[in-house]
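The values are calculated or read from the model by the stated rules, or taken from the named source; none is laboratory data. This one's a predicted model, so the numbers in the text were calculated from it and none came from an experiment. When we count neighbours, we look across all protein chains shown, and the Cβ atoms used for this are built from the backbone with ideal geometry, even at glycine.
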Amino acid sequence: MSSSLFLGTHSATIDAEGRIQLPAPLRDELSLRQPEFRFVATLEGDGSVCLREREHWDRWARALVAEAPRDQQARATLLTIAAHSAPVKCDRQGRIRVPDSLLGLVGVDRRVPASREVVLVGGFEEIRLWSPPSWEAFADRARADLGVGLDRLLGGAVQAEG
């Protein structure tokens, strides 16, 4: 079981070969000594690409398949997730290469200099990759709803200050 705990918001640039150097705080959480260290990159409904360590992704995907209702929409959603997921190697220098097809779906294009910037956000057991404008829009909405979200996560245990 993975013990990585990814935190923080980090800027990065895709290099000429299409690689992203993971920032040190994210890289430090990984065991880069393993040969062929892998993530799985998956398109998410919030406008990001999610990078999960392979073991975590396998558990997540199996749970989705096992718990999904057996209707047309659920099958289409599962197929869309599978079609927009790909293994991603992380080399010993902490560089990853996310497929161009996934990057393009979230507004990132390594061939266009103005679209090579990315924001990497630690999400505890995962790393989210965003285009800067998409991250800013998501983060603004999420911060506005932070109190309600915390209350929901804690089952109503958060008390209003007053």
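Name the residue that is modelled with the highest pLDDT, counting only residues in segment 102-148 that are among the charged types (D, E, K, R) and crowded, with 20+ Cβ neighbours inside 10 Å.
Applying the filter and picking the extreme gives Arg128.
Looking for whichever is of a type in the set (Lys, Arg) and either in contact with a strand residue (DSSP E or B) (Cβ under 8 Å, 6 or more places away or on another chain) or on the phi > 0 side of the Ramachandran plot (or both) here; the options are Arg70, Arg59, Arg75, Arg97. Which one fits?
After ruling out the rest, the residue left standing is Arg97.
Could you please find all residues in segment 70-82 being part of a helix (DSSP H, G or I) and more than 15 Å from Trp57 (Cβ to Cβ)?
Listed by number, the residues that qualify are Gln72, Gln73, Ala74, Arg75, Ala76, Thr77, Leu79, Thr80.
Taking the condition in a helix (DSSP H, G or I), of a type outside the set (Phe, Trp, Tyr) and either touching an Asp or Glu at 6+ places or on another chain (Cβ under 7 Å) or surrounded by 14 or more Cβ atoms within 10 Å (Cβ to Cβ) (or both), does Asp151 pass?
Yes: the conditions hold for Asp151.
Within segment 15-28, how many residues turn out to be surrounded by 18 or more Cβ atoms within 10 Å (Cβ to Cβ) and either farther than 15 Å from Asp91 by Cα or without any contact (Cβ under 8 Å) to a residue 60 or more places away in the chain (or both)?
Residues in segment 15-28 being surrounded by 18 or more Cβ atoms within 10 Å (Cβ to Cβ) and either farther than 15 Å from Asp91 by Cα or without any contact (Cβ under 8 Å) to a residue 60 or more places away in the chain (or both): 0 in total.
As an exercise: evaluate Gln34 against (1) in contact with a Ser or Thr (Cβ under 9 Å, 6 or more places away or on another chain); (2) at pLDDT below 95; (3) polar (S, T, N, Q) and give the number of the one condition it does not meet.
(1) is the only condition that Gln34 fails.
Scan segment 45-60 residue by residue and report those that are part of a helix (DSSP H, G or I), hydrophobic (A, V, I, L, M, F, W, C) and under 27 Å from Asp109 (Cα atoms).
If the condition is that a residue be part of a helix (DSSP H, G or I), hydrophobic (A, V, I, L, M, F, W, C) and under 27 Å from Asp109 (Cα atoms), then Trp57 is the only one that fits.
How do the pairs read when you match residues in segment 47-66 that are without any contact (Cβ under 8 Å) to a residue 24 or more places away in the chain with residues anywhere that are surrounded by 15 or more Cβ atoms within 10 Å (Cβ to Cβ) and among the basic types (Lys, Arg), using Cβ under 7 Å and keeping only pairs 6 or more apart or on different chains?
Within 7 Å, the pairs are Trp60/Arg52.
Is segment 94-112 home to any residue that is in a strand (DSSP E or B) and either closer than 21 Å to Phe6 by Cα or touching a Lys or Arg at 6+ places or on another chain (Cβ under 6 Å) (or both)?
Yes, there is a match, as at least one residue in segment 94-112 is in a strand (DSSP E or B) and either closer than 21 Å to Phe6 by Cα or touching a Lys or Arg at 6+ places or on another chain (Cβ under 6 Å) (or both).
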